[in-house]
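Following: one structure in structure tokens, then a few remarks.
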Amino acid sequence: MLMTLGVLAVLAMLFVMFAGFWTDWLWYRSVHYSSVFTTTLWTKIGLFAVFGLLMAVAVGLNIWLAHRLRPPLSAMSLEQQSLDRYRMGVAPYKKWVLLAITALIGLIAGASASGQWRTWLMWVNGVPFGQKDPQFGLDVSFFAFDLPWYRFLLGFGFAATVLSLIAAALTHYLYGGLRITSPGARATAAATGHLSVLLGVFVSLKAVAYWLDRYGLAVKSSDFKATGNWTGLRYVDANAYLPAKTILFCIAVICAVLFFATLWRRTWQLPVIGFGLMVLSAILIGGLYPAIVQKFQVQPNEQAKEAPYIEKNIDATRKAYDIDQTKPENYSGKSTVKAKDRLRADADSAASYRLVDPNIVSPTFQQLEQRRKYYQFPTTLDVDRYQGKDTVIGLRELNIKGIPKRNWINDHFTYTHGYGAIMATGTATDANGSPVFTESGLPTSGQTPKYEQRIYYGEKTEQYSIVGGPQKELDYEENGEKTTSYQGRSGVNLGNAFNRAAYAVAFSEPQILYSGAIGDGSRILYNRTPKQRVEAVAPWLTIDGDAYPAVIGGRIQWIVDAYTTTNGYPYASRTTLGDTTTDSLTAGNQTRAVVAQQNQVNYIRNSVKATVDAYDGTVKLYEWDTKDPVLKTWMKAFPGTVEPKSAIKADLREHLRYPQDMFKVQRELLTRYHVQDAAQFYSGSDAWQVPDDPTNKDGNAVPPYYLSMKMPGDTKQEFALTTTFTPNGRPNLGGFMAVDADADSEDYGRIRLLRVTQDVPGPAQVQNKLNSLPSVAQFVRDLKGADSDIQYGNLLTVPLDGGFLYVEPIYAQGRNALYPLMRKVAVSYVDADQPEGDTTKDTTVFEDNLAKALNAVFGVDGETPTTPPPSDPTKPPVTGEAALAQAIADAQKAFSDSEAALKKGDWTAYGKAQDELAAALQRVAEADAQRKADAGKNADGKPAAGAAKPAAGARAAGAAKPASDG
């Protein structure tokens, strides 16, 4: 009975261990990436077996050899005779003791080696970079792929040698080969020879370490007061450490030969002397000499000595982070246009100003489009393009915490998915300050063609669901409850008892095994967030912090940017991804944090674009950077997992964009590496910093913003990702950076960097000036009096005619209100050097809508600036009834254009038509007032009694004016 229970207990333990492996295999097979699972598994098993066996053999062989070389018992001293009881205790079990020791050491070593599967795969599949390091003339792949593997082998060799030496010494001592307190020789000749060989191996490995250290200098990190974090050789490395390592290598080789010679000389005198000289040389040559060179050669003239190495660091860093083609363009910050009407007209075409801030309006989406408590929108919405227009989008995902009644069936069977993508135009709000939705409702409808609206895979979907079986799912509630049953092929089949038992163990949920809600057709869905799925099928990628949704080909697809990285690019400065990509949006939002927060890298490429189907979870990886050697290496290691770039369809490509985390890494590097002159780089006189977000008081960096805009010299707007820089320690604007973010553009990925050469106010200064305006102070007082709060939206920066235009939407939210509404728009046009008194110099205004704000900032009257047609001296001006008729015709045309644009959902055209309608109505009022005034005049030109007052007509026409775009 006890035997049976014991066997059952062992089988149960084995099944628990097996369940995790089996469920992982089932999941990878369900997503059609089983090759990733098998390649990784067999690589780990191979490394475990090979290095575990090598370690076990090395240690076991030396223990056996030490036992074999033991002296006869008659030759043992009194000290050794006292160990008889230990020898006698071990003697009957010495084979088992040897096997146990070697097995334990082998298991530990094998487990450690299996963790190096990435290093092995990169070494065995490494592809050349085609670039050589400037010091040794070796391909960069040697440092990125080869050197890490050689260092692992060296570390393993040291571990095996040290463990073998300790094991052999203990065995020799136990069996009399070594003596500690007995008079006479301390070691037998056999023990001396054995241990000398092991010491010779150790010193030989040290010689190899000295040789590899020479190459390690190219990727060594150090502190350099001129730049902070430094990677690569400096003057003292090239002229002191490098020759020192070579000399120490030679000394170590000689010392190793002396240890091996002990096999014949049977004395440790020369090896010990040699080892002492090696240690002394390491201190003097490897430590003291470089310190002397640094103190007396480098420090007195550091800039000149370090200049060649700074140039190498600049060149390598710019290549490693793909910013080598970025060269600063001087931008004075001084307006090149004086005419106010021209500035106002140029402002209209300079950008599509995004007034709907995706970082603020999530509560508005939540309140207006949530529909049910168990739905939820992300804290920060996403910006995409639909029909060429900037659009704010968020998915109505399942929020399990909002389920009316929580239990296992409801949590995992009934409430399984979200429903619908909600979209709003990014450039306008309605008269109340709410977003203008272009896709809304439950189910949704609007500008988007029919698509599968059910969201089984999303950023908020972290729990598992069991679908497709006898238990029906709640689809949505709108005029009654609708149910559905999952028709997708994702997930793992729970139709057989073995799979159910495995998942019951893996998820610690016994109900999975016996629940009647699971039957034929039941499938379990898990690993449901886009990041989880992409990271699982491509564990060699670093995932961007922001997966974003897009409606493509009748399905909602999550688009995930992924990076290949390495820490072994010679001379390129390192950066910590978690720190570099943190800004005011990601600081408190874990869903937007980079996966590998503390990974230090010095090479990065956005080499893969991935998609995750929100309905069936299908994951696809597409090659994006076709020249990246790191990606080519991984594609060799995992063939067939990444589809070629040509497989990306047009409807997917139009939604691809330049990733934010890549941009943040590049902008952080460009705060220093926009400077390419070594002397200027050393002095730090032109160093920049990423400014703190002036709309947020937490002190984190301002986030980059997606915006359709024109850069200087461009003829049309492009979808771009933008950011600003300020000089170190100063608040004024130092630079402006924008990258072409539209994947359909020929210039995709091109970074434009403007260096502001004049003194122009920066974001914080503009925000401070805005806060100090009397109108703002009154607005804030009124809000507080109404128990409301003010929220500042994204402060957008746009280059305009030599100066910079800042645009910021202002939101208000009552203390008891559920969501914010856009109430005001602040606009500031900053210009470095305009004549005193010019209204375009550093002007900040605070108005009800964007049109009024732009008019006010440029000092233009009316809703929109109008440029009258050139006059013809041969024709009299149109006045009277003709002028009135013309104005009425213009108003009718503008109204028709407005209605047509509204039906098409073209909000830019709608806003333009509304502006034209307002202008035409104003002309109607003026012409009508003038006509009445002329009709009421006497022959002498004086007004007749009872004539209509022009102001009345003007007020009447003004009352008919439609609301502007807000």
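FYI, it's all coordinate maths here, none of it is from the lab. The structure presented is a predicted model; accordingly, all values stated were derived computationally and were not measured. Methodologically, a virtual Cβ is constructed for each residue, glycine included, from the backbone with ideal geometry; neighbour enumeration extends over all protein chains shown.
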Of K405/K531; K206/K632; K531/K649; K389/K645; K531/K664, pairs whose Cα-Cα distance is over 27 Å: K405/K531; K206/K632
Could you list V601, V50 in order of exposure, starting from the residue whose Cβ has the fewest other Cβ atoms within 10 Å? V50, V601
Under 20 Å from a point placed 7 Å out from the Cα of K132 along the Cα-to-Cβ direction: which residues of the range 140-158 have their backbone N that close? 140-147
Added length on full extension, which subtracts the Cα-Cα distance from 0.36 nm per residue, L818 to T757: 17.4 nm
Under 5 Å between amide hydrogens, which residues at least 5 positions from Y476 or on another chain qualify, with H placed 1.01 Å from N in the peptide plane? K482
In which sequence would M737, M635, M3 go, from the one with the fewest C-beta neighbours within 10 Å to the one with the most? M3, M635, M737
Apply the membrane-span-like helix rule to the chain: whole DSSP H runs, Cα extent along the own long axis of at least 27 Å, mean Kyte-Doolittle hydropathy at least 0.0. List the helices found. 2-30, 34-68, 94-114, 147-174, 189-216, 242-265
Dimensions in Å of the range 135-266 - Rg and Dmax from alpha carbons: 19.6, 61
Debye-sum result for the range 736-822 in log10 I(q)/I(0), which assumes one identical scatterer on each alpha carbon, at q = 0.22, 0.23, 0.26 Å⁻¹: -1.08, -1.13, -1.30
Hull shadow area, averaged, the range 439-540 [alpha-carbon convex hull, nm²]: 8.6 nm²
Run the numbers for D411 and Q892: contour at 0.36 nm per residue of separation, minus the present Cα-Cα distance, in nm. 167.5 nm
Show me the ranking of peptides 333-342, 529-538 by mean Cβ neighbours inside 10 Å, starting with the highest. 529-538, 333-342
Taking the Cα atoms of the chain alone, what are Rg (to one decimal) and Dmax (as a whole number) in Å? 37.1, 150
Among R489, R672, rank each residue by its count of other Cβ atoms within 10 Å, from fewest to most, as a rough exposure measure. R489, R672
Using C-alpha positions alone, give me the convex hull volume of the range 529-656 per residue in cubic angstrom. 115 Å³
Neighbour net charge for N125 - beta-carbon separation under 9 angstrom, K R +1, D E -1: +2
Under 14 Å from the Cβ of A168, count the other residues' Cβ atoms, weight Lys and Arg +1, Asp and Glu -1, and hand me the total. +2
The range 189-320: relative contact order as a whole-number percent, Cα under 8 Å and 6+ apart: 31 percent
Spatial extent of the range 1-40: Rg and Dmax, with the Cα atoms as the point set, Å: 14.9, 45
To the nearest 0.05, the calculated FRET efficiency linking D315 and A111 through their beta-carbon distance, R0 being 51 Å, is 0.80
What is the sum of charges, Lys and Arg at +1 and Asp and Glu at -1, for the other residues whose Cβ falls under 9 Å from the Cβ of E477? 0
Once you compute Rg and the Kirkwood Rh from C-alpha atoms, what is the Rg to Rh ratio for the range 189-320? 1.14
Taking 60 Å as R0, compute the FRET efficiency from the Cβ-Cβ separation of T246 and S34 and round it to 0.05. 0.75
Among beta bridges assigned by DSSP with both residues in the chain, the antiparallel ones amount in percent, to the nearest 5, to 95 percent
